[in-house]
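Colleague: If you scroll down you'll find the structure; I have some questions about it.
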Amino acid sequence: MEALVNNFGVLNGKTVDLITLINNDGMSISVTNYGCILTAIRVKDLNGNIDNVVLSYDSFDKYYEGHPFFGAVVGRFANRIRNGEFKLKGKDYKLEQNEAITGNHIHGGIRGFDKYIWKYDIEKNFESIMIHFHRLSVDGESGYPGNLDVIHTIGLDESNQVHFYFRATTDSTTILNLTNHSYYNLSGLGNGNILGHKLKVYSDFYLPTDDKLLPTGEILKVESTGFDFRNMVKIEENMQKNNGCSIDNTFILKGDLQYDNFKKGIVLYDPNSGRNMEVITTQPGIQIYNGSKLSNKIWIGPSGLKYESFMGICFETQHFPDSPNHTHFPSTCLCPDQIYEEKTIHKFSTVIPSERN
């Protein structure tokens, strides 16, 4: 395994690095310490051709100008909080309402974790290389209480697995919900959309949302809906059953275990390339977003590629949106005597179409 570090840009006099990890199978990932953004996952197809399978930019300036969270870390709180309001230990808190169309707080605020340069170190092992990113989110940042010490690890191993780990502690009770926000297209960057991809989700229940894209509080069965991916199905077939062909909902994972304590999350398969991606996680849910709103703004990627709706799909392993305002959701409260620790692994492989149901 090999790790390469290159200059990716400069921000306020500080160097922005791009770290590339390469395994012995020829698979590689690239990550920048600005926002812990995953800029590339390069993986083989059935014919041995290597493509980048995440939506991305090829320069730091493009990321700095703004983007729809391509590959970035999301925090302190992934997803939405209604009106940016929540109560914690009897005290009311007000966060930035940075989603203009809804008035919600989303993805950590105006300057969330995705807009900071993180310190990092690289740990090299025989079978893997891990990048440990670190920052201290100070008390009051974006309105959140507590000094939060965060380590976000992104790594690659010889089994073609990409690792996303989070570990955090706080000196005062706070809320926390961290994830990675990559958009996947197993056909490869610039090779069409994800409508023909097949998807399996290990979930019997999902969270319906209201007109502000927030959970209503109900927990509904996926059966007979456009959210039923219990058996592998073409994404386009299901999303046509939904308003605006949109999928932007949390799926509650059943708890089928792998590697002892990881829940099976999803399997994504592209029949054209034969690329296959399995996601396992310690998180209770997974927000699946099919990129339905990408065309709402103009996003220009490498070589003039215009990112359109459905060109990528997100699998954000996380706790549930607006959890602080729903007592029956798994708690996102973190106390000073606790350690926040969540892990997600994406395993890449190739599968011959006739062998994939």
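The values are calculated or read from the model by the stated rules, or taken from the named source; none is laboratory data. Quick caveat, the model's predicted, so the values are computed rather than measured. Note that we place each Cβ from the backbone using ideal geometry, even for glycine, and neighbour counts take in every protein chain shown.
Colleague: Report the residue count in region 287-311 for those that are in a strand (DSSP E or B) and exposed (fewer than 14 other Cβ atoms within 10 Å of the Cβ).
Modeller: 2
Colleague: Tally up the residues in region 3-24 that are touching a residue at least 40 places away in the same chain (Cβ under 8 Å), under 30 Å from D270 (Cα atoms) and surrounded by fewer than 15 Cβ atoms within 10 Å (Cβ to Cβ), please.
Modeller: 1
Colleague: Can you tell me how many residues in region 282-320 are of a type in the set (S, T, N, Q) and touching a Leu at 6+ places or on another chain (Cβ under 6 Å)?
Modeller: Here the count works out to 1.
Colleague: Still on this model: Quick one: count up the residues across region 104-148 that are under 30 Å from N23 (Cβ atoms) and of a type outside the set (K, R).
Modeller: Result for region 104-148: 19.
Colleague: Here's a check for you: in region 64-92, which residue that is buried (at least 22 other Cβ atoms within 10 Å of the Cβ) and outside any strand (DSSP E or B) is farthest from the chain's Cα centre (by Cα)?
Modeller: R76
Colleague: In region 161-208, how many residues are touching a residue at least 60 places away in the same chain (Cβ under 8 Å) and either assigned to a strand (DSSP E or B) or in contact with an Asp or Glu (Cβ under 6 Å, 6 or more places away or on another chain) (or both)?
Modeller: Of the residues in region 161-208, 29 are touching a residue at least 60 places away in the same chain (Cβ under 8 Å) and either assigned to a strand (DSSP E or B) or in contact with an Asp or Glu (Cβ under 6 Å, 6 or more places away or on another chain) (or both).
Colleague: Follow-up. Tell me, please, whether a residue that is at pLDDT 95 or above, within 29 Å of E218 (Cβ to Cβ) and under 19 Å from the mean Cα position of the chain (by Cα) can be found in region 345-353.
Modeller: no
Colleague: Going by the conditions given, is Q283 polar (S, T, N, Q), closer than 29 Å to F86 by Cα, more than 18 Å from the chain's Cα centre (by Cα) and not in a strand (DSSP E or B)? Break it down into steps so the answer makes sense when it comes.
Modeller: Details: polar (S, T, N, Q): yes; closer than 29 Å to F86 by Cα: yes; more than 18 Å from the chain's Cα centre (by Cα): no; not in a strand (DSSP E or B): yes.
Answer is no for this residue.
Colleague: Counting only residues that are in a loop (DSSP other than H, G, I, E, B) and surrounded by 17 or more Cβ atoms within 10 Å (Cβ to Cβ), how many does region 25-35 have? Explain how you work it out, then say what you get.
Modeller: First, the residues of region 25-35 that are in a loop (DSSP other than H, G, I, E, B): 25-27, 33, 35.
Restricting the remaining residues to those that are surrounded by 17 or more Cβ atoms within 10 Å (Cβ to Cβ) gives 27, 33, 35.
Residues meeting the conditions: 3.
Colleague: Select from region 93-140 the residues that are surrounded by fewer than 20 Cβ atoms within 10 Å (Cβ to Cβ), in contact with a strand residue (DSSP E or B) (Cβ under 7 Å, 6 or more places away or on another chain) and farther than 23 Å from R167 by Cα and list them in ascending order.
Modeller: If the condition is that a residue be surrounded by fewer than 20 Cβ atoms within 10 Å (Cβ to Cβ), in contact with a strand residue (DSSP E or B) (Cβ under 7 Å, 6 or more places away or on another chain) and farther than 23 Å from R167 by Cα, then Y93, K94, E96, Q97, N98, E99 are the ones that fit.
Colleague: If you don't mind, another one. Tell me whether region 323-345 contains one or more residues that are in contact with a His (Cβ under 8 Å, 6 or more places away or on another chain) and within 25 Å of L46 (Cβ to Cβ).
Modeller: Checked against the condition, which is being in contact with a His (Cβ under 8 Å, 6 or more places away or on another chain) and within 25 Å of L46 (Cβ to Cβ), region 323-345 yields at least one hit.
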